[in-house]
Amino acid sequence: MNKSPNIISEPANPDNSSLPKQVRIWDLPTRVFHWALVFMVALAWISSEAEGSLLFIHVYSGTLLLGFVVFRLVWGIIGSRHALFTDFVFSWEIVRDYTIKLLTFRPPYSVGHNPLGGWMVVALLVVMTLAVLSGMMSSEDGYRGPLAHIGFGGDIHEGMANLFGFLIFVHIGGVVAHGLISGENLPRAMISGIKNIPARIGASDIRNVGVLRPAIAVAMAVVAVWLFWS
Ligand code: HEM
Ligand code: HEM
């Protein structure tokens, strides 16, 4: 767990330049992951009420989401600086201090995910995993999930899906609120990878991630999906 946040509340670059710097903070795999995830979750939701053979659109898009979870877990260990769990999973003390400062409208600047956003990323991944696993425990319309023998499908799956929907709502609300309060456009950074960082903050471009590390993460995701494809 990160005990020294990527937040710099004191001037780290106290020269006379006051112009924001353009800094590359999100690597390509993280950005592709995010927007492909949004697409796949939307597909799983839209198809969730489908019946008969159309239910398979739901089952397949949901099963692919398992691959997204595995990819992100691996990328949180071997990805670039701000994609690493050690960069954005902060201790309780830091989250508490950040929250107090946020509530008094003076949050310190975060280069990557802020301490609250970091835990929201963890919560989204955990609840999405539970939604996927409980989906695999469900049976309906002649479909029998690969984990149906364990039980816990049906109502639990619906409950997990609703909890996931609630977290997504809070996540998007947080991004919009951040934009309104600070004027910072976080979705644009999640598209381009680049943030306009205030001159007083010490931040540098992430390193190139190459091809091998993304390939390892994708390969592990493919194996996970293959194991549960039914
Ligand atoms: C199905 C809906 C969504 C899900 C499941 C989702 C999930 C996530 C996850 C897991 C991350 C962490 C990214 C990473 O480090 O890998 C993230 C970050 C982010 N998401 Fe979403 N997201 C959703 C929709 C959206 C939408 C619609 C927007 C645009 C308004 C958005 C904007 C962002 C931004 C800006 C970040 C980075 C936040 C930061 O700078 O700390 N997300 N999202
Ligand atoms: C994050 C991923 C997922 C989400 C958000 C999701 C969401 C939902 C929702 C909202 C329903 C409708 C519940 C109802 O009104 O009865 C549903 C039903 C269903 N889902 Fe999923 N699901 C996901 C993943 C999966 C997976 C991976 C599978 C199987 C491999 C699956 C299998 C089913 C089945 C069989 C049903 C119909 C039976 C039931 O109601 O339990 N789902 N899902």
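What follows is calculated from the coordinates using simple rules that are stated; it is not laboratory data. Quick caveat, the model's predicted, so the values are computed rather than measured. Because the Cβ atoms are built from the backbone with ideal geometry, glycine has one as well, and the counts that use them run over all protein chains shown.
Once the piece of chain linking Ser204 and Val170 is laid out straight, how much longer is it, given 0.36 nm per residue of separation minus the C-alpha distance between them? Intermediate values should be presented prior to the final figure.
Values: separation 34, 0.36 × 34 = 12.24 nm, distance 2.97 nm.
So the chain would gain 9.3 nm between Ser204 and Val170.
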- prompt: Where does the longest stretch of the chain lie that holds no trypsin sites (Lys or Arg not before Pro) found in a DSSP loop with 11 or fewer other Cβ atoms within 10 Å?
  reply: 4-206
statement: With the charge dipole of the stretch 27-228 built from beta-carbon charges (+1 for Lys and Arg, -1 for Asp and Glu) about the Cα centre, the Cα from Phe228, Met40, Leu84 projecting farthest to the positive end belongs to Leu84
statement: Projecting the Cα atoms of Ser204, Val59, Trp26 onto the charge dipole of the chain, where Lys and Arg contribute +1 and Asp and Glu -1 at Cβ, the residue farthest towards the positive end is Ser204
- request: Determine which residues of the stretch 206-230 fall in the zone a paramagnetic label at Ile77 would reach in this model, i.e. backbone nitrogen under 20 Å from the point 7 Å along Cα→Cβ.
  value: 209-228
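Only Lys, Arg, Asp and Glu count, each charged at its Cβ (+1, +1, -1, -1), so figure out the dipole size of the chain about its Cα centre, rounded to 20 debye. If you can, show how the numbers build up before the last one.
Numbers: 15 positive and 14 negative charges, 182 e Å.
Computed about the Cα centre, the dipole is about 880 debye.
Against the 2.2 N^0.38 Å scaling, with N counting residues, where does the chain land? I'd like the Cα-based Rg ratio to two decimal places. Display every interim value, and only then the final one.
On the way: Rg = 19.6 Å, N = 230, 2.2 N^0.38 = 17.4 Å.
Rounded to two decimals, the normalised Rg is 1.13.
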query: Among Trp35, Trp75, Trp119, whose mean-square fluctuation peaks in a Gaussian network model of the chain (Cα, cutoff 10 Å)?
result: Trp35
- request: Calculate how steeply helix 115-136 sits against the longest principal axis of the alpha-carbon atoms of the chain, using the helix alpha-carbon long axis, and give the answer as 0 to 90 degrees to the nearest 10.
  value: 10
- line: From DSSP H assignment alone, runs of 4+ in the chain each adding -39500 (n - 2.57), the sum over residues rounded to the nearest 500 puts [θ] at 222 nm at -19500 deg cm²/dmol
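Among Met136, Met220, what is the fewest-to-most ranking by other Cβ atoms within 10 Å? Intermediate results must be reported in sequence, preceding the final value.
Details: Met136 21, Met220 15.
Ordered from fewest to most neighbouring Cβ atoms within 10 Å, Met136, Met220 come out as Met220, Met136.
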- prompt: Over the chain, what relative contact order in percent results from Cα pairs under 8 Å that are six or more residues apart?
  reply: 37
